[in-house]
Each structure stands twice: as structure tokens, then as C-alpha cells.
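Here the structure is laid out as C-alpha cells; the discussion comes afterwards.
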Amino acid sequence: MAPVNRALSVAVAVPLALILAGCGSDAPTPPPASAVAAPSPSLPSPSAAGVAPIPTGDPATRARETVRTLSDAGLAGQVLMPYAYGDNADRVDGAAAAGNQKLAGVNTPAEMVAKFGLGGVILVGFTAGDPTGATNPATNVDNPQQVRALTDGLQAAARRLPGGAPLLIGTDQEFGVVTRVRTGATQLPSAMAFGAAGRPPLTQAAWHAAGQELAAMGINLDFAPVADTLGAQGSSVIGSRSYGADPAANAAQVRAAVRGIQGGGVSAALKHFPGHGHTTGDSHDDLPIVRQSPAQWEREDRLPFAAGIDAGVAVVMSGHLDVEALDKGVAATFSHKIMTDVLRGRLKFTGVAVTDAMNMAPAMKWPAGEAAVRALNAGNDMLLMPPDITAARDGILAGLQNGSLKRERLVEAVTRILTLKFRSERPQPDLSVLESPEHRKAVLAADAAAVTVLKGRCSGPLVTGPVTVTASGGRETARSGLVEALQQAGVPVQAAGGTVVHLIGYGDHTTDLSPDAAVTVSMDTPALLAAAKSPTLVATYSSSRLSLDALAAVLAGKAKAPGRSPVQAGKLPRSACRK
């Protein structure tokens, strides 16, 4: 963590765009012989290249000048954004080294940056209960101090490459069920909680705090916000990761989140373009089909993405989705009609387009090299999480040689990436900004505005006498958090025999409901509340500690529940207390 690394670290606030994810199988897929350039050009080693001086001047001009200095291999490396094994850039254990050898033929993350001249790295993590967790093959985030040391080391490796451009270092910090850094940082609620609050200024303030904290850790690209609008049949897939079912309300939330993240110093990435909220299929497993008419897509999905682009979003992520209204039978990631004609032409997006993870099932239809060329030709600028980095790089080089990939297309992609990087350079905040009182205050305001009573009283305490808090299996952290929050709010709590407040969350079913609960609280989408028999039904949409603090204040009668559910839960009203 030398001072020079902090001074050269990157954060982001620019008009460019991309869309998301960070998940998939990591089994390498060798490219066909015709897709491999042999021998592959190699980049100069960091020691041979030395530390490149940082150019000054207009970022776009610097980008064009830097592109002219890069070899074909250097250009190919800039469009790659893989994950790596290990929680330190230069020192890893045997298991991490073996993972990196399988993925890239190197031992450490820094060596991966050096070998391929990478344009970016995504930090990943497995967490039980995370809908993307099972497809994250590595965990290299633990706490903010460790992440800062890792990102400093990665940036040091990047600065020694030809051109000296910084890395884009991204992660999936959506908050809610998809969160990578879970300790030591202020935890925002899920997107759906912000939708329930319905107050974009609170959304912007909370995300500004998150942006500052991510920037302090050395993360300069956040694969958020989710701009998907939920349809009646799609909520089980994206769920609380979305702001809700109303496109106009979602657009206001997306605009606020983008401004907040980027105002805090980190590039935002809209996902999953052109919209993942109207399908029950999961693109981690197969190619979902989105059966909408063109008019329905315009009415239901276009608006939030357009709002994010209008707000100056840096990146847009392409979804592995068959959106029949736009290009029937073709995954959006590989569709020129969608990624160029619609995104660039109709929505006027001029930033960076990134694929969803290339190690997800729909992208593994082709060998890694061929998939890379197809995604670039569709209009993507950056390839996220290729399953075999060497094969992806060599496929790009083979495409240049055989004409299946025009050099102008690759140069265009790298120029956009470098322009974003150079526009994003700014001093890095100190880690002392994490969990600051100001940040906690901003986020708690959003949590308090989100709490929704779908059934029950609208004033006064919602519980009487001693309270017993129960929870569905595996939710001990949330249960104990609410116990502490209730005690701090002056509510007596006992282990058994009290008025039962029962917590449910992501992935729960009717069997996880409690027949004895006086109050049932959903910490994810409120759908399951429609089957609950409790006389009082409450939604927080989130299980973060600040969400539980806000819930405790409502249960104790010290605060009202001003939220309104942004999705329908059976026949329940959106709110029993707010019209």
C-alpha cells in the first residue's frame, strides 16, 4: 500500500455504460485449432517494460495515443476482464496457484495482469444464499483492508505494462442478496427496498456513500444497478435485485443510483440489457427466452436503461437473453442488432459495453476464442470472466489474422475502455470513510423509508409484552441482529414464550413460515407474505443491520412504516398504511 499506489488508484464518474454479472462455470474450453494464433505474441514482462510515465491531457486523446502504442496482443488483453484466485496480488496459497494455472497458466493475480496485459479484473466471492454464489469459483474478498491491499497490488502490476493504463477493478456489489464485501463497509438494502421507499434522493445519497467506500477499497467499477423491470412471471429470477415492477418508478431509481455511485467515485454498470425481468429462466443455467412484443419491450424495459444512460452511466452489461422482440433466437450478448443497433443507435449509448460472464452456459455454446470474437463483433467492448483466458486472447488474435474480427472494431473497443480509465483517475479516499456516521445516517434513512406494513396496524407498537424472535433456517445473523435492535429500542426480548416475530428471506418457501407468529417479516421480496397467517405482515426487503434497526423502530412504535411494496404479493395491498 505504498503512497504512490494510492495516488495512482482509479475511481470513476463518466458517461459510459455496461451490464453485469460475475458468475459461471470455470472449466476451460480449448479453442479449435483454426481459432488459435500460433505462436501467440507475448507482452513485454513488467520488469522489461518498466514503469510507464502517466500521460496528461484530454482522456480521449490519451486513449487514442495509447492505442497506437499497443501490439495486437496488447489490444486483445485490454478487452479481457477475468477473475483470479487468491486474496493477494503477489502471494497466494497452493490451491489458488493451481486455480490460476488452470485458468491462465500463471500462479498469481499480478502475473495474470502482466502476462495478458489485462484491461480489468473482477473480484468475486462465494456466499451461501447468493443467487450468483454457486457460479463464483473463487473468493478473493474478505474485508476492506484486504481488498485495498489486493487492488493496490493489481494496479501496481498494471502500471508497469506498456501504456501504463490503470486496471478496471470491478465487483458485484449490488447489496441485498448479491453482495461481495459484507463486513467492514456500510451495507445498503436491496434495490427493492429503495423501490419501496420511492424516494430517489435517498437512493442517490445512499449510493454516493457506497461509491466512496468502494473507491476507498480500490474498486472502480460496480456491476450495479440492476435496471431490469419485473414482470409477473419474472420476479423469481431477479427478485429483490430489481427496484420493482413499474418502469417509470424504476427509471427514477436507476437514474438516482447511477448519479450516486458515480458521484462517489466509482463507475456504475447497468444490467442486464435489454432486460431480464420478464422471464422465469436463469441465464446462469440456460438461455432464457423473453417473449415480449416490440411495443411491450419499449413500454416495460427500455425506460430504466434509457434513464441510466441519460444519467451518464459508464458501463452497460449485455445479458445472455433471447429477447424475441429485438432479435429472436440470438442471445443479446452476441446480437449486433441489440448491442449496436439498439444500444448504440437508438439509445445513443457511447460508453463501454461489457458482456455478462462468458463462463455462463449460454456463452459456453462456442469455444472461448470463438465466443470472444462473436461478442466483440456484436458490439461489446469488454469480455467478462472468460473461461479460458489464453484461448480467448488467442481467438481474438486469430480473428484479426483471418479477418473474422476487424482491427478497427478492436481498436474502437480498447479506445472506449482506455478513455473510461483515463477519465476516472482521481485521488483515492482513505479507508476511514468506511462505515462513517454520515454514511450510516444516509443509508438508515433509506431503510426507514422502505419498511412496509402490508397487513396490520399503522401506528403505535406492533408488538406487546416480551418478544421472541424466530427465523427460518440459516438466518441466525439476522435473528440476533433484530434481537439486539429491539433491545436497543426498549422492547423486552426473551428466548421463548414471547410474542413471536418471525423472519423469512431469500429462497424460503411456505414450509418456512411460522404458524405461531404474531408478526411475519419478509427480508426479501414480499411474495411469501401472501401465504402467511400472521395478523401483522411487514416487509423490509433486506436483512442488513440498518434494515433491522429500522424494523425494530416500527415494531416498537417509535416510527411509522412509510414504504409501499413495488411488486404485488398475492391479494395483499401494496401497503396497509400508504395509498
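The values are calculated or read from the model by the stated rules, or taken from the named source; none is laboratory data. Bear in mind that the values here come from a model prediction, so they are computed numbers and not experimental data. We place every Cβ from the backbone using ideal geometry, glycine too, and count neighbours over all the protein chains shown. Just the protein is used for accessible areas: all its heavy atoms, side chains included, with ligands, DNA and RNA removed. Shrake-Rupley method; radii C 1.70, N 1.55, O 1.52, S 1.80 Å.
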Pick the calculated Cα Rg over 2.2 N^0.38 Å for this structure from (1) 2.39; (2) 1.20; (3) 0.95?
(3)
Cα-based helix-to-principal-axis angle, 407-424 vs the chain, degrees rounded to 10:
50 degrees
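Would you mind computing the Rg to Rh ratio of the stretch 240-365 from its alpha-carbon coordinates, Kirkwood style for Rh?
Numbers: Rg = 13.7 Å, Rh = 14.5 Å.
Result for the stretch 240-365 is an Rg/Rh of 0.94.
Quick one: which of 143-149, 317-323 comes out on top by average Cβ neighbours within 10 Å, and what's the full order, highest first? Walk me through the numbers on the way to the answer.
On the way: 143-149: 18.9, 317-323: 28.1.
Ranked from most to least packed, the peptides come out as 317-323, 143-149.
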Stretch ALA530-LYS102 to full length: gain in nm at 0.36 nm per residue minus the Cα-Cα span?
149.3 nm
For LYS441 and SER293, extending 7 Å from Cα along the Cα-Cβ vector and measuring point to point gives, in nm, a value of 5.2 nm
Among the DSSP beta bridges whose two residues both lie in the chain, what percent are antiparallel, rounded to the nearest 5?
15 percent
Amide proton proximity set for THR468, modelled H, under 5 Å, gap of 5+
GLN494, GLY498, THR499, VAL500, VAL501
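Using packing as a proxy for protection, rank 429-441, 250-262 so that the peptide with the highest average count of other Cβ atoms within 10 Å comes first.
Values: 429-441: 15.3, 250-262: 27.5.
The densest-packed peptide leads the list: 250-262, 429-441.
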Mean Cα-pair separation over length for the stretch 178-334, i.e. relative contact order, pairs under 8 Å, 6 or more apart, %
25 percent
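Just to verify a number: FRET efficiency for THR69 and ASN143, C-beta to C-beta distance, R0 = 35 Å, to 0.05? Working shown, then result.
Values: r = 38 Å, r/R0 = 1.08.
Calculated transfer efficiency: 0.40.
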Can you tell me the length gained on complete extension of the stretch THR350 to ALA495, counting 0.36 nm per residue apart and subtracting the Cα distance?
46.5 nm
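To the nearest 20 Debye, how big is the dipole of the stretch 277-401 about its Cα centre, given +1 on the beta carbon of each Lys and Arg and -1 on that of each Asp and Glu? Working shown, then result.
Numbers: 11 positive and 16 negative charges, 76 e Å.
In total the dipole reaches around 360 debye.
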Angle check, please: helix 200-216 long axis (alpha carbons) against the longest principal axis of the chain (alpha carbons), in degrees 0 to 90, nearest 10.
50 degrees
Could you order the peptides 489-501, 156-168 from most to least packed, using the average number of other C-beta atoms within 10 Å per residue?
156-168, 489-501
Surface accessible to a 1.4 Å probe, GLU300 within the full protein complex, Å²
40 Å²
For the chain, take the longest principal axis of its alpha carbons; what is the angle in degrees between that and the long axis of helix 545-555, to the nearest 10 within 0 to 90?
20 degrees
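Counting Lys and Arg as +1 and Asp and Glu as -1, each charge on the Cβ, what is the dipole of the chain about the Cα centre in debye, to the nearest 20? Please list the in-between numbers first.
Numbers: 50 positive and 47 negative charges, 278 e Å.
With only Lys, Arg, Asp and Glu charged at Cβ, the dipole is about 1340 debye.
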